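Undergrad: Can you keep this structure in mind? I'll have questions shortly.
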Amino acid sequence: MAFDIEAYRRGAAAVPYEDLDFGAFADRPLSDGALRCLRSMSDIESHTICYLRDLLVTPSHTDPTITTFLTMWAFEEYWHGEALAKVLEAHGIPTGDQHIRLVRERLGWRDRIAPIQQAIAANIIGVDFVAVHMSWGAINEWSTHAGYGRLAAREDHPVLTQLLERIIRQESRHAAFYASQARERLERSKLARRLTRFALRRFWAPVGASLLPEAESRHLMTFLLGDEEGQRVIDQVDEKIDRLPGLQGLGLVRRAAVRYGVCPQ
Ligand SMILES: [Fe+2]
Ligand SMILES: [Fe+2]
């Protein structure tokens, strides 16, 4: 079914969290492992505007449906970062502008030239690059959706679960947009299929890998995917990728999990 962009732009909203009982974390705090995951997740969500910076220099910016989506998407992701920061704050973990600035500065000069490199490569490729962007987005939204689901299940904390369920509902809509665009663009262009397959195989890494220190990415993967249910989730995301035209058999998530030592070869 085609994605209803009109309904999405009208319904886009900051995830509500003011009504949640954050005081409940004082009686029953989250585990250290979960808080470490939330730190990374909040940092990733708050970095969305920088991902958007890198994408608007590509041919994706010429498509008004895509830019309408990206406008709302960046807004919703911003509030995911804020909502997760609220949970960290309730545990006495520092958040706010000073922290976000440090996360961005830590990335150094490579991050500053990234949009220039991306602009050159993507504009040489032309409109077929949009299929790479949309497929990448779908995979990352599926991964994020799965990650929040695993965190809620592992911690089984009523307030965290309530918040994550609200965020997950928005992540589902993000995934639906990216996947519908990816499917359409991959179906109609053989070059887009070949290019996307190549780019994913060569460059894809789990969400946040370009932002987080290696040890934090490893912790995130291990905490969320290291158990039996995590192994099932790895296969589920890979199966979703398999269903996109021309992307069968990549095994991206499984390969990343092996690389991070989360599962055997
Ligand atoms: Fe998000
Ligand atoms: Fe999202």
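Undergrad: Give the residues of region 167-190 that are more than 14 Å from Ala2 (Cβ to Cβ) and within 10 Å of ligand 2 (Cβ to nearest atom), sorted by residue number.
TA: Those that are more than 14 Å from Ala2 (Cβ to Cβ) and within 10 Å of ligand 2 (Cβ to nearest atom): Ile167, Ile168, Gln170, Glu171, Ser172, His174, Ala175.
Undergrad: Do you know which of the residues in region 130-147 that are within 13 Å of ligand 2 (Cβ to nearest atom) and over 30 Å from Phe25 (Cα atoms) is surrounded by the fewest Cβ atoms within 10 Å (Cβ to Cβ)?
TA: Across region 130-147, the extreme among qualifying residues is Trp136.
Undergrad: What single numbered condition from (1) in a helix (DSSP H, G or I); (2) more than 16 Å from ligand 2 (Cβ to nearest atom); (3) surrounded by fewer than 14 Cβ atoms within 10 Å (Cβ to Cβ) fails to hold for Thr71?
TA: Exception for Thr71: condition (2).
Undergrad: Going by the structure shown, is Arg150 under 19 Å from the mean Cα position of the chain (by Cα) and surrounded by fewer than 18 Cβ atoms within 10 Å (Cβ to Cβ)?
TA: no
Undergrad: Still on this structure, I have one more. With the requirement that a residue be over 25 Å from Pro158 (Cα atoms) and either in contact with a Phe, Trp or Tyr (Cβ under 8 Å, 6 or more places away or on another chain) or touching a residue at least 24 places away in the same chain (Cβ under 8 Å) (or both), what does region 13-51 give you?
TA: His47, Thr48, Ile49, Cys50
Undergrad: Exactly one of these conditions fails for Leu38: (1) surrounded by 17 or more Cβ atoms within 10 Å (Cβ to Cβ); (2) over 17 Å from Val103 (Cα atoms); (3) within 20 Å of the chain's Cα centre (by Cα); (4) among the aliphatic types (A, V, I, L, M). Give me its number.
TA: (2)
Undergrad: Given the criteria at pLDDT below 95 and crowded, with 17+ Cβ neighbours inside 10 Å, does Gln118 qualify?
TA: On the way: at pLDDT below 95: yes; crowded, with 17+ Cβ neighbours inside 10 Å: yes.
Yes: the conditions hold for Gln118.
Undergrad: For region 74-87, give me each residue that is surrounded by fewer than 21 Cβ atoms within 10 Å (Cβ to Cβ), hydrophobic (A, V, I, L, M, F, W, C) and either away from ligand 2 (no atom under 16 Å from the Cβ) or over 15 Å from the mean Cα position of the chain (by Cα) (or both).
TA: none
Undergrad: Further question: In this structure, does Trp136 turn out to be within 13 Å of the chain's Cα centre (by Cα) and more than 14 Å from ligand 1 (Cβ to nearest atom)?
TA: yes
Undergrad: Consider Val127 carefully, then state whether it is touching an Asp or Glu at 6+ places or on another chain (Cβ under 9 Å) and either without any contact (Cβ under 8 Å) to a residue 40 or more places away in the chain or away from ligand 2 (no atom under 16 Å from the Cβ) (or both).
TA: Spelling it out, Val127 is indeed touching an Asp or Glu at 6+ places or on another chain (Cβ under 9 Å) and either without any contact (Cβ under 8 Å) to a residue 40 or more places away in the chain or away from ligand 2 (no atom under 16 Å from the Cβ) (or both).
Undergrad: Quick one: which of Ala85, Ala146, Ala74 is closer than 26 Å to Pro16 by Cα, within 16 Å of ligand 1 (Cβ to nearest atom) and free of Cβ contacts under 8 Å to residues at least 40 places away in the same chain?
TA: Ala74
Undergrad: Residues of region 171-206 being of a type outside the set (A, V, I, L, M, F, W, C) and within 16 Å of ligand 1 (Cβ to nearest atom), which ones?
TA: Glu171, Ser172, Arg173, His174, Tyr178, Pro206 - these are the residues of region 171-206 that are of a type outside the set (A, V, I, L, M, F, W, C) and within 16 Å of ligand 1 (Cβ to nearest atom).
Undergrad: Report the residue count in region 170-213 for those that are under 24 Å from Thr68 (Cβ atoms), among the small types (Gly, Ala, Ser), over 12 Å from the mean Cα position of the chain (by Cα) and surrounded by fewer than 20 Cβ atoms within 10 Å (Cβ to Cβ). First the steps, then the outcome.
TA: Taking region 170-213 as the starting set, the residues that turn out to be under 24 Å from Thr68 (Cβ atoms) are 170-189, 192, 196, 207.
Narrowing further to those that are among the small types (Gly, Ala, Ser): 172, 175-176, 179-180, 182, 189, 192.
Pick out the ones that are also over 12 Å from the mean Cα position of the chain (by Cα) and you get 176, 179-180, 182, 189, 192.
When the remaining residues are screened for being surrounded by fewer than 20 Cβ atoms within 10 Å (Cβ to Cβ), the result is 176, 180, 189.
Final tally of qualifying residues: 3.
Undergrad: In this structure, does Arg106 turn out to be surrounded by fewer than 22 Cβ atoms within 10 Å (Cβ to Cβ), basic (Lys, Arg) and within 15 Å of ligand 1 (Cβ to nearest atom)?
TA: When the stated conditions are applied, Arg106 does not pass them.
Undergrad: Continuing with the same structure: Does Ser210 count as out of contact with any Ser or Thr (no Cβ under 7 Å at 6 or more places or on another chain) and at pLDDT below 95?
TA: Judged against the criteria, Ser210 is a match.
The values are calculated or read from the model by the stated rules, or taken from the named source; none is laboratory data. As the structure is a prediction and not an experimental result, all values here were calculated from the model. Cβ atoms come from the backbone with ideal geometry, glycine included; neighbour counts cover every protein chain shown.
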